[in-house]
1. For residues in region 164-181 being among the polar types (S, T, N, Q) and in contact with a Gly (Cβ under 8 Å, 6 or more places away or on another chain), which is least open to solvent (accessible area, probe 1.4 Å)?
2. Name the one entry in 201, 207 that is surrounded by fewer than 21 Cβ atoms within 10 Å (Cβ to Cβ), more than 22 Å from residue 65 (Cα to Cα), at pLDDT 75 or above and in contact with a Leu (Cβ under 9 Å, 6 or more places away or on another chain).
3. Got at least one residue in region 51-58 being under 30 Å from residue 152 (Cα atoms) and either open to solvent by 60 Å² or more (accessible area, probe 1.4 Å) or β-branched (Val, Ile, Thr) (or both)?
4. Filter region 9-43 down to the residues that are within 13 Å of the chain's Cα centre (by Cα) and within 15 Å of residue 87 (Cα to Cα), then identify the one that is most open to solvent (accessible area, probe 1.4 Å).
5. Could you tell me whether residue 91 is crowded, with 24+ Cβ neighbours inside 10 Å and among the β-branched types (Val, Ile, Thr)?
6. Give the residue that is farthest from the chain's Cα centre (by Cα), with candidates limited to residues of region 206-234 that are outside any helix (DSSP H, G or I) and over 14 Å from residue 33 (Cβ atoms).
7. Any residue at all in region 133-155 that's within 23 Å of residue 44 (Cβ to Cβ), outside any loop (DSSP other than H, G, I, E, B) and open to solvent by 60 Å² or more (accessible area, probe 1.4 Å)?
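The values are calculated or read from the model by the stated rules, or taken from the named source; none is laboratory data. Every value quoted in this text rests on a predicted model; they were computed, and no experiment measured them. Note: ideal-geometry Cβ built from the backbone for every residue, glycine included; neighbour counts use all protein chains shown. Side chains included, ligands, DNA and RNA excluded: accessible areas come from the protein's heavy atoms. Shrake-Rupley method; radii C 1.70, N 1.55, O 1.52, S 1.80 Å.
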Amino acid sequence: MNNVASSYHSLRGIGYILLSICCFGLSDSALKFLGAHMPVGEVMFFRSLIWLFPVLGYFAYKGALHVFWEGDLKAQTVRAAIAAVTLPCFIYAYSQLPLADAYAISFVSPFFMAIFSIPILKERVEPYMWWAILFGFCGVLIMMRPGSSVMSLGGLAAFSGGVLYGLAMVLSRKLTRNHAPLSVMVWFSVFTLLAGMVTLPFSWEAPSLFEGTLLAVTAILSSLAQLYGIKSLSILKAPVAGGVEYLNLVWGTFLGYFFWGDFPDNYIVTGAVMLVMGGLYLTYRETTKSSQTPPTACFEN
């Protein structure tokens, strides 16, 4: 019975990740257009504003705003600040690189999720995990070889965003042990709103009706993606969640080709395949191991 319950939780967690991937891909496609036509800080500001105020207004109406001030505020602040730095990295990378290339480079995040889980979640990284991580990094070196188009500020932004995203997701998993996922999302939106607001006096361009519509679309979809992603991390171990997220590469490649006619070159494909192989190996080993042990209690919201 324990194995059945464990399998159910794992499948539910994977389902959340798949929903997160779908929403993130569509949201990132909108961000790619917006980042090329609007200042990054302005995109951050409106993206957070559109989602944050209705949510806070609803909770204020219900008299439940106190839920956002409960728990470990220091941990919430640290996680939100890191995630707020991650967002402009991704927006800039999407605006400078084909979507599939930016995704491929940023997918160092699952490996950093495994690394950061050691000191933060006290999870043990087995020797086979280190070999998979090393293999994945070799794929990154192939993609970001000297002289390549991704060895640029856009490529470095994608890599930095991937590292920070891995750290933010591990912190999210720790927080969701005793914090509601919506609380984690609200703190992130508050920080990105403030960070974007600081830039407005220096770079302001009135958005067109189409840009305003895209801002609303990316605000809604990215919020759903975050919610599903955070809920998945309240169920799955970090290496497993990171491995499943590699499907984002396939989805991002399709969207990039569909909207912009972009397709990654052979070096990007080779490096991405190495990243995927390393990530899927981690997922296989962890799911095999977890199926042989009783499930642990997980936080549910």
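1. Of region 164-181, the ones among the polar types (S, T, N, Q) are 172, 176, 178.
Checking the rest, the ones that are also in contact with a Gly (Cβ under 8 Å, 6 or more places away or on another chain) come to 172, 178.
Numbers: 172: 0, 178: 109 Å².
Ranking the qualifying residues of region 164-181, first place goes to 172.
2. Working: 201 fails: in contact with a Leu (Cβ under 9 Å, 6 or more places away or on another chain).
Exactly one of 201, 207 is surrounded by fewer than 21 Cβ atoms within 10 Å (Cβ to Cβ), more than 22 Å from residue 65 (Cα to Cα), at pLDDT 75 or above and in contact with a Leu (Cβ under 9 Å, 6 or more places away or on another chain), namely 207.
3. Restricting attention to region 51-58, the residues satisfying the condition of being under 30 Å from residue 152 (Cα atoms) are none.
No - not one qualifying residue is present in region 51-58.
4. Ranking the qualifying residues of region 9-43, first place goes to 24.
5. Yes.
6. 206
7. The first filter runs over region 133-155 and keeps only residues within 23 Å of residue 44 (Cβ to Cβ), leaving 152-155.
Next, only the ones that are outside any loop (DSSP other than H, G, I, E, B) stay: 153-155.
When the remaining residues are screened for being open to solvent by 60 Å² or more (accessible area, probe 1.4 Å), the result is 153.
Yes, because at least one residue in region 133-155 is within 23 Å of residue 44 (Cβ to Cβ), outside any loop (DSSP other than H, G, I, E, B) and open to solvent by 60 Å² or more (accessible area, probe 1.4 Å).
Condition check ((1) in a helix (DSSP H, G or I); (2) of a type outside the set (A, V, I, L, M, F, W, C); (3) over 30 Å from residue 259 (Cβ atoms)) across all residues:
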residue	(1), (2), (3)
35	yes, yes, no
45	yes, no, no
49	yes, no, no
67	yes, no, yes
75	yes, no, yes
79	yes, yes, yes
112	yes, no, no
115	yes, no, yes
125	no, no, yes
